[in-house]
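Below is one structure, written out as structure tokens; the observations come after it.
The values are calculated or read from the model by the stated rules, or taken from the named source; none is laboratory data. Source: prediction; values computed, not measured. Heads up, the Cβs are rebuilt from the backbone with ideal geometry, glycines too, and the neighbour counts pull from every protein chain shown.
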Amino acid sequence: MREITSEEVTKAVESLCISSNCKLSEDVWKALREKLEQEESPVGKEVLEEILQNDRMAEQEMLPMCQDTGFTVVFVEMGQQVRITGGDFYEAISKGVSNGYRKGYLRKSVVRDPLRRKNTGDNSPPWVHIDIVSGDRLKISVMPKGAGSENMSTIKMLSPAEGVQGVKKFVLDWVRERGVNACPPLVVGVGIGGIFEGVAKLAKKALLRPIGSKNPEPFYAQMEEELLKEINNLGLGPQGLGGSTTALAVHIETYPCHIASLPLAINLQCHAARYSTIVL
Amino acid sequence: MLNPTKLETPLYEETISKLKIGERVLLSGIVYTARDQAHKRLVDELESAKRENRKPLLPFPLEGQVIYYVGPAPARPGMVIGPAGPTTSSRMDPYTPGLLERGLKATIGKGKRSKGVIEAMKKCKAVYFVAVGGAAVLISKKIKRAETVAYDDLGPEAVYRLDVEDFPLIVANDVYGNDLFDEGIRKYRKIQE
């Protein structure tokens, strides 16, 4: 067994909270720059320029690029030979979030109770997804998820007969209706298959894939490409003000499902497609 | 920005009637911040004042004023305000017509407004500006002074009085009922509906 202390976990999460909020990863930078070159609308071009300028300033001054520093989503891949010592694992992650949001001057955007709505004051608790994998490493990814795009996400249990066309139509109609308010240009995370709660996780996990990556199966890689083209043909444009850049990428993740089911989930991500990963 | 129009608050009907959708604006002067919870309190007060037949007690005047939908991040020591980009305006749609009727002249946020708000803007001669969602650091540099004027207990949702200089905006709805979202998207749409 390889031992990792809960303190190391807390420190890692703390630093990931700050870095993810202040610094875009290279794949997102590259995608935004490319789209600025290609954008057809003058207003759209100005919007993209303003976004890039903002994100540069954020990185230089280590300030959060968006005031909505999100609900903190933490993805963990824990090697089955890892043992956490010195404290509770979930508490260690939660403490990392609390420290990171305090030290990084990040906005505290979490309420304790969904209906009584009192702020927890430190952005805890995060939502933690854990997958057990082989090996002795611990991989932690932090994705601060803003509400603007999260609120424009959905799950639909399709009928298997609806097939490829049904999936594409639902995604396209959804982005047309809801994309404007999700702060485009978007990353569109699509989950297909599995079960009700699992398909939502697939859609969110799809957002962790670097922009430019393709689904390993050519069938789905092609569907990603076709959907991206069709979404950009919708004309929503940067911030929904019209233009040729509505999405930076479409990522599809799938899982086997029941003979009678075709679950579909769409998790939209704004242009501040933030995530940071560390491997301990 | 392409040929921006410089505007100063308070806003008057005569000035804003000249604005057209898609026009770039640099706004200077005072804007008040308010989002979900603050709107609820403002509108609750207007309604109870009406019921009780008294003058409403509002934390700031509405006549000729501008509301910016924002919940800033905390300011680091030495900074005027933390990053402060717009939040989604549609959540404020149910409250907006009531405020426009009381003389509010403009709102600033991101995303589309409802048909009801667009109608109310036409009727009350008001406009809606969009600021770029996510451009929070850039916008915070245009804020020269910030003070809380009400609802301290709401934290990032409190009402602030901001002194802004050349705040970059785009006119999304003018006083004539036009909508940049509809027109812009129609212009760049490449598929059959």
Q) Do we find that B:I108 is crowded, with 24+ Cβ neighbours inside 10 Å, within 21 Å of B:A75 (Cβ to Cβ) and within 12 Å of another protein chain (Cβ to nearest Cβ) in this structure? A) no
Q: Residues that are within 14 Å of chain B (Cβ to nearest Cβ) and within 15 Å of A:Q67 (Cα to Cα): find the strands (runs of 3 or more DSSP E) completely inside the stretch A:92-158 holding 1 or more of those.
A: A:138-145
Q. Which of the following residues is touching a residue at least 40 places away in the same chain (Cβ under 8 Å), over 30 Å from A:M57 (Cβ atoms) and touching a strand residue (DSSP E or B) at 6+ places or on another chain (Cβ under 7 Å): B:I67, B:I118?
A. B:I118
Q: Select from the stretch A:34-59 the residues that are of a type in the set (D, E) and closer than 26 Å to B:K20 by Cα and write down the one among them that is nearest to the other protein chains (Cβ to nearest Cβ).
A: A:E50
**Q.** Sole residue being within 30 Å of A:A58 (Cβ to Cβ), surrounded by fewer than 16 Cβ atoms within 10 Å (Cβ to Cβ) and hydrophobic (A, V, I, L, M, F, W, C), chosen from A:V111, A:V76, A:V97
**A.** A:V111
Q.
Going through B:I185, B:I170 one at a time, which residue ends up being buried (at least 16 other Cβ atoms within 10 Å of the Cβ), within 30 Å of A:Y105 (Cα to Cα) and facing another protein chain (nearest Cβ under 8 Å)?
A. B:I170
**Q.** Conditions (1) closer than 19 Å to A:N54 by Cα; (2) in contact with a helix residue (DSSP H, G or I) (Cβ under 8 Å, 6 or more places away or on another chain): number failed by B:K55
**A.** (1)
Q. Can you tell me which of A:L268, A:L227, A:L248, A:L262 is in contact (Cβ under 8 Å) with a residue 24 or more places away in the chain, more than 20 Å from the chain's Cα centre (by Cα) and either outside the structural domain of A:K168 (by TED's automatic domain parsing) or on the phi < 0 side of the Ramachandran plot (or both)?
A. A:L262
Q) Since B:E45 meets every condition but one in (1) touching a Leu at 6+ places or on another chain (Cβ under 9 Å); (2) within 11 Å of chain A (Cβ to nearest Cβ); (3) farther than 28 Å from B:S17 by Cβ, which condition does it not meet? A) (2)
Q: Can you tell me which residue within the stretch A:60-72, out of those that are surrounded by 20 or more Cβ atoms within 10 Å (Cβ to Cβ) and of a type outside the set (G, A, S), is farthest from the other protein chains (Cβ to nearest Cβ)?
A: A:T72
Q) When you go through A:V187, A:V250 one by one, which is the residue that is within 14 Å of chain B (Cβ to nearest Cβ), within 24 Å of A:P144 (Cα to Cα) and part of a strand (DSSP E or B)? A) A:V187
Q) Looking only at the stretch A:189-199, which residues are surrounded by fewer than 20 Cβ atoms within 10 Å (Cβ to Cβ), in contact (Cβ under 8 Å) with a residue 24 or more places away in the chain and within 18 Å of A:D131 (Cβ to Cβ)? A) A:G193, A:I195, A:G198
Q) On the given criteria, is A:M157 modelled with pLDDT of 95 or more and touching a Ser or Thr at 6+ places or on another chain (Cβ under 8 Å)? A) yes
Q | The one condition in (1) of a type in the set (K, R); (2) touching a strand residue (DSSP E or B) at 6+ places or on another chain (Cβ under 9 Å); (3) assigned to a loop (DSSP other than H, G, I, E, B) that A:K35 fails to fulfil | A | (3)
(Q) I want to confirm something. Restricting to the stretch B:80-105 and keeping residues that are among the basic types (K, R) and surrounded by fewer than 24 Cβ atoms within 10 Å (Cβ to Cβ), which single residue is farthest from the other protein chains (Cβ to nearest Cβ)? (A) B:R102
Q) Which condition number in (1) away from chain B (no Cβ under 14 Å); (2) within 30 Å of A:G135 (Cβ to Cβ); (3) not in a strand (DSSP E or B) is the one that A:R274 fails? A) (1)
Q. Picking from A:L172, A:L202, A:L106, which residue would you name as being under 17 Å from A:L264 (Cα atoms), touching a helix residue (DSSP H, G or I) at 6+ places or on another chain (Cβ under 6 Å) and either crowded, with 18+ Cβ neighbours inside 10 Å or of a type outside the set (K, R) (or both)?
A. A:L172
Q: List every residue pair whose Cβ atoms sit under 8 Å apart, with the two residues 6 or more apart in sequence or on different chains, where the first one lies in the stretch B:134-147 and is more than 7 Å from every other protein chain (Cβ to nearest Cβ) and more than 17 Å from A:V47 (Cβ to Cβ) and the second, anywhere, is among the polar types (S, T, N, Q) and surrounded by 24 or more Cβ atoms within 10 Å (Cβ to Cβ).
A: none
Q.
I'd like the residue in the stretch A:197-240 that is closer than 18 Å to A:L186 by Cβ, of a type in the set (A, V, I, L, M) and in a helix (DSSP H, G or I) and, out of all such residues, is farthest from the other protein chains (Cβ to nearest Cβ).
A. A:L202
Q. Scanning for something small (G, A, S), within 30 Å of A:R102 (Cα to Cα) and within 14 Å of chain A (Cβ to nearest Cβ), does the stretch B:9-31 turn up at least one residue?
A. no
**Q.** Conditions (1) more than 14 Å from chain A (Cβ to nearest Cβ); (2) farther than 26 Å from B:E157 by Cα: number failed by B:P4
**A.** (1)
